[in-house]
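Q: This structure is in structure tokens; I'll ask about it shortly.
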Amino acid sequence: MKNKKVIIGIIIAIIVIVAIVVTIVIMNMPKEKPEEVLTSYFSEINDKKYEELYTYLSTSSKGSIREEEFVTRNENIYEGINSSNISITVKEVINENNKKKVSYKQEMVTSAGTIRFDNEAYFVKEDKEYKLEWASSLIFPKLQRDYKVRVETLSGKRGSILDRNGNKLAYDGTISQVGIVPGKLGDNREENITKIAQLTGVSVETINNYLSASYVKDDTFVPIRKVAKNDTVLKEQLLQIPGIMINDAKGRVYTLGEEAGHLIGYVQAINAEELEKYADKGYSSTSLIGKSGLESAYEDRLRGTDGVRIYIEDADGNEVITLAKQEQKDGEDITLTIDSNIQTKLYTQLKNDKGLFVVMKPGTGELLALVSTPTFDSNDFTLGMTTEEWNTLNNDEAKPLYNRFIQKYCPGSTFKAITGAIGLTTGNITASEDMGYTGTSWQKDSSWGDYRVTTLTGYSGPKNLLNGLMYSDNIYFAQTALRIGTSKFTESLDKIGFNKQVEFPLSLAKSQYANSDGINSEGKLADTGFGQGNLLINPIHMASIYSSFYNDGDMVKPYIEYKEDKNPEILIENAFSEEAANTIKEDLIQVVERGSANDMKVNGITIAGKTGTAELKTDKEDNESGTLGWFDCFTTNQGENDILVISMVENIQDNNEGGSHYLIKMIKTLFE
């Protein structure tokens, strides 16, 4: 019995000892396994908690790198490469020299794409926890303490805009960067800075702010202003001043400058609002973006997509390894139907006026020129404007920033051809019918009260369509509109594209025949018939309508991007009957041959055309609104070289020649 008690006691003692040992072992076991600690470490990086990372380090690691240096290095690298979604897959955990070695695969998303690599981490046990033996190689295997991770932007080139003959209208080229080397300004520093300010338009205060920047030394090149590469006069003047240096720089170049400012537009640095709006398109704070014209309309195709390369560089600046690379993508070159010679010639003629030209091939719809004056030089925007220069441009009463060929205007008598075509197509008039009135003033009956339709030119011939066009007779076309009636008239206008958006890269104003109250009286219908009332037409839309007189009644679709296939795209088929269109064409030829546009005659060329004057008066007492002059024409015997021109000039009340004839002189230069 006694032996039995001894045995039981021994067993109990053993159990107690084992329990104590197990408890001690458990109490001294680390709370987490090394692979779990490593996973948590990288989770902190994903959460951008860089200060927390230092708590994972072993005592020896903390002794080799200060916390501030450690946090800064990790943050700069991971943030610099835009790392995200860091994940690890543990391969094995082994004991090695009283340490735990964790081998793992790592993957992370960066600005240059996904980076994958194998790596290993070592852990030591301290105070019942596994601590990380840290080195720079934990970030990337080949990264050493005195090495750097570099991010290189691979710039994607913006596409060029070219004219139909391959001439560059907008391209990434070379400009000049004017700068100051402070140490070379000489004894007359303030005087020289004043001279530089006067020539560049950059204020003395701004220049001094540039020169006082913390990075500036005596031999530093301090950029002041970009100027055009070919602005030799300004550059020669600047180079006479001590301290000035001029270097080549990359920049957007516009060869036609102000001659095509509204058409081509310009690029500028992206702003914060645009950066947020296009966050998913890969723009950065240094990106350029199309702000107006075709630069804006074709932005998605023109813009180059920047690439990125991430690599490690050693202490001597030598590349060690490329970690990831995303290739850049150049933008698309876009060729236009525009003819630079026509664009330049017409701009030169009109540049001192407020007006527009639209030139189109009537058989195909190819736009050869789009001119709006006054205008701006696209180069001024990319080179950079001073506040004073911008305010001068923006506050100019002539509105040089206002693009006239995308707007809508009262067409005046150029609309009479359209009223005539509608009347013939609907059968409400015939070309030969004499309306039978006399004199230069007319009203339907006494119900019109004091309102009468007046016309400027009396003539003795029949009051028919041909004479109505030749003498630009308001009364004839007022009567024609009344014959057609409001319903048929507006239906016909709707058919040819009024109140609809004409598809075009630039947003064109919708043509209209009435305000919100419609054509609600006979007087307004009569006025609309001869091109007044509340009638407003976009000039490019007008070009399409006039093309129907060339194309047996079909309106071609205007287009501006060049294509080899010259088969026209019909915007509206049978806008007018074939007979009506050809009758109008023949009558418009007579307007030039022996009518109100006789000064447009050119030997050997058959031209159909119509003059027009649009009164902008709000009432009889209005002497401030001014008058528009129009001339619309097209050639008919030049085959593929036939052209159609829509032209307008404002404020012709100040012009002794009259608007139409003033424009005719300009258009005739195209045939010289």
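The values are calculated or read from the model by the stated rules, or taken from the named source; none is laboratory data. On a predicted model such as this, the values are computed, not experimentally measured, just so you know. Positions of Cβ are generated from backbone atoms using ideal geometry, with glycine treated the same way; all protein chains shown enter the neighbour counts.
Q: Please go through (1) modelled with pLDDT of 70 or more; (2) loosely packed, with under 10 Cβ neighbours inside 10 Å; (3) over 56 Å from the mean Cα position of the chain (by Cα) for Met1 and return the number of the only condition it doesn't satisfy.
A: It fails just one condition, (1).
Q: Could you count how many residues in region 147-167 are over 28 Å from Leu368 (Cβ atoms) and touching a helix residue (DSSP H, G or I) at 6+ places or on another chain (Cβ under 9 Å)?
A: Total meeting the criteria: 5.
Q: All but one of (1) of a type outside the set (Ser, Thr, Tyr); (2) surrounded by fewer than 20 Cβ atoms within 10 Å (Cβ to Cβ); (3) touching a residue at least 60 places away in the same chain (Cβ under 8 Å) hold for Asp396; which doesn't?
A: (3)
Listed here are the residues, each with its yes/no results for (1) touching a Ser or Thr at 6+ places or on another chain (Cβ under 6 Å); (2) under 30 Å from Gln638 (Cα atoms).
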| position | (1), (2) |
| --- | --- |
| Phe357 | yes, yes |
| Leu367 | yes, yes |
| Thr375 | no, no |
| Gly384 | no, no |
| Ala398 | no, no |
| Asn403 | yes, no |
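Q: I would also like to ask the following. Being touching a Gly at 6+ places or on another chain (Cβ under 9 Å), surrounded by fewer than 16 Cβ atoms within 10 Å (Cβ to Cβ) and not small (Gly, Ala, Ser) is true for just one of Asp218, Asp187, Asp172, Asp248. Which residue is that? Walk me through it before giving the result.
A: Details: Asp187 fails: touching a Gly at 6+ places or on another chain (Cβ under 9 Å); Asp172 fails: surrounded by fewer than 16 Cβ atoms within 10 Å (Cβ to Cβ); Asp248 fails: touching a Gly at 6+ places or on another chain (Cβ under 9 Å).
Within the list Asp218, Asp187, Asp172, Asp248, the selection yields Asp218.
Q: Enumerate the helices (runs of 4 or more DSSP H) found wholly within region 463-555, keeping only those where 2 or more residues are in the same structural domain as Thr430 (by TED's automatic domain parsing) and of a type in the set (Lys, Arg). It would help to see each step written out before you state the result.
A: Numbers: elements: 465-470, 474-484, 486-495, 522-529, 539-550.
The qualifying helices (runs of 4 or more DSSP H) are 486-495.
Q: Of the residues in region 170-193, how many are over 15 Å from Tyr210 (Cα atoms), under 33 Å from the mean Cα position of the chain (by Cα) and not polar (S, T, N, Q)?
A: The qualifying residues number 5.
Q: Next question. So which of Leu169, Leu185 is touching a strand residue (DSSP E or B) at 6+ places or on another chain (Cβ under 7 Å) and assigned by TED's automatic domain parsing to the domain that holds Lys281? Walk me through how you get there before you give the answer.
A: On the way: Leu185 fails: touching a strand residue (DSSP E or B) at 6+ places or on another chain (Cβ under 7 Å).
Going through Leu169, Leu185 in turn, the sole match is Leu169.
Q: Oh, and also: Kindly establish whether Gly553 is at positive phi, touching a Phe, Trp or Tyr at 6+ places or on another chain (Cβ under 6 Å) and either crowded, with 24+ Cβ neighbours inside 10 Å or not small (Gly, Ala, Ser) (or both). Give the steps one after another, and end with the answer.
A: Working: at positive phi: yes; touching a Phe, Trp or Tyr at 6+ places or on another chain (Cβ under 6 Å): yes; either crowded, with 24+ Cβ neighbours inside 10 Å or not small (Gly, Ala, Ser) (or both): no.
Against the criterion (at positive phi, touching a Phe, Trp or Tyr at 6+ places or on another chain (Cβ under 6 Å) and either crowded, with 24+ Cβ neighbours inside 10 Å or not small (Gly, Ala, Ser) (or both)), Gly553 does not qualify.
Q: Taking the stated definitions as given, is Val591 surrounded by 17 or more Cβ atoms within 10 Å (Cβ to Cβ) and under 15 Å from Phe504 (Cα atoms)? First the steps, then the outcome.
A: Numbers: surrounded by 17 or more Cβ atoms within 10 Å (Cβ to Cβ): yes; under 15 Å from Phe504 (Cα atoms): no.
The answer is no for Val591.
Q: Filter region 430-470 down to the residues that are without any contact (Cβ under 8 Å) to a residue 24 or more places away in the chain and basic (Lys, Arg) and list them by number.
A: Matches in region 430-470: Arg452 only.
Residue-wise test of (1) surrounded by 13 or more Cβ atoms within 10 Å (Cβ to Cβ); (2) under 57 Å from the mean Cα position of the chain (by Cα); (3) modelled with pLDDT of 95 or more.
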position	(1), (2), (3)
Ile86	yes, yes, yes
Val90	yes, yes, yes
Asn98	no, no, no
Lys101	yes, yes, yes
Ser111	yes, yes, no
Ala135	yes, yes, yes
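Q: Restricting to region 471-492, and then to whatever is surrounded by fewer than 24 Cβ atoms within 10 Å (Cβ to Cβ) and touching a residue at least 60 places away in the same chain (Cβ under 8 Å), can you tell me which residue is farthest from Gln590 (Cα to Cα)?
A: Among those residues, the one meeting the criterion is Lys488.
So that you can scan it fast, the table gives a plain yes or no per residue for (1) within 18 Å of Leu143 (Cβ to Cβ); (2) part of a loop (DSSP other than H, G, I, E, B); (3) touching a His at 6+ places or on another chain (Cβ under 7 Å); (4) not assigned by TED's automatic domain parsing to the domain that holds Leu275:
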site	(1), (2), (3), (4)
Ser296	no, no, no, no
Asp300	no, no, no, no
Thr322	yes, no, no, no
Lys325	yes, no, no, no
Ile342	no, no, no, yes
Lys345	no, no, no, yes
Thr348	no, no, no, yes
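Q: Within region 286-296, does at least one residue satisfy the condition of being touching a residue at least 40 places away in the same chain (Cβ under 8 Å), of a type in the set (D, E, K, R) and out of contact with any Lys or Arg (no Cβ under 6 Å at 6 or more places or on another chain)?
A: yes
Q: Anything in region 357-409 that is in a strand (DSSP E or B) and either within 30 Å of Glu564 (Cβ to Cβ) or touching a helix residue (DSSP H, G or I) at 6+ places or on another chain (Cβ under 6 Å) (or both)? List them, or say none. Explain how you work it out, then say what you get.
A: Restricting attention to region 357-409, the residues satisfying the condition of being in a strand (DSSP E or B) are 357-360, 366-373, 409.
Residues satisfying the conditions are Phe357, Val358, Val359, Met360, Glu366, Leu367, Leu368, Ala369, Leu370, Val371, Ser372, Thr373.
Q: Do you know which residues across region 581-604 are more than 41 Å from the chain's Cα centre (by Cα) and either in a helix (DSSP H, G or I) or small (Gly, Ala, Ser) (or both)?
A: Within region 581-604, the subset more than 41 Å from the chain's Cα centre (by Cα) is 583, 586-587, 590-591, 593-596, 598, 603-604.
Selection gives Thr583, Glu586, Asp587, Gln590, Val591, Glu593, Arg594, Gly595, Ser596, Asn598, Gly604.
Q: Taking the conditions exactly as written (in contact with a Gly (Cβ under 8 Å, 6 or more places away or on another chain), surrounded by fewer than 20 Cβ atoms within 10 Å (Cβ to Cβ) and hydroxyl-bearing (Ser, Thr, Tyr)), does Thr375 satisfy them or not?
A: Values: in contact with a Gly (Cβ under 8 Å, 6 or more places away or on another chain): yes; surrounded by fewer than 20 Cβ atoms within 10 Å (Cβ to Cβ): no; hydroxyl-bearing (Ser, Thr, Tyr): yes.
Taking the combined requirement at face value, the residue does not satisfy it.
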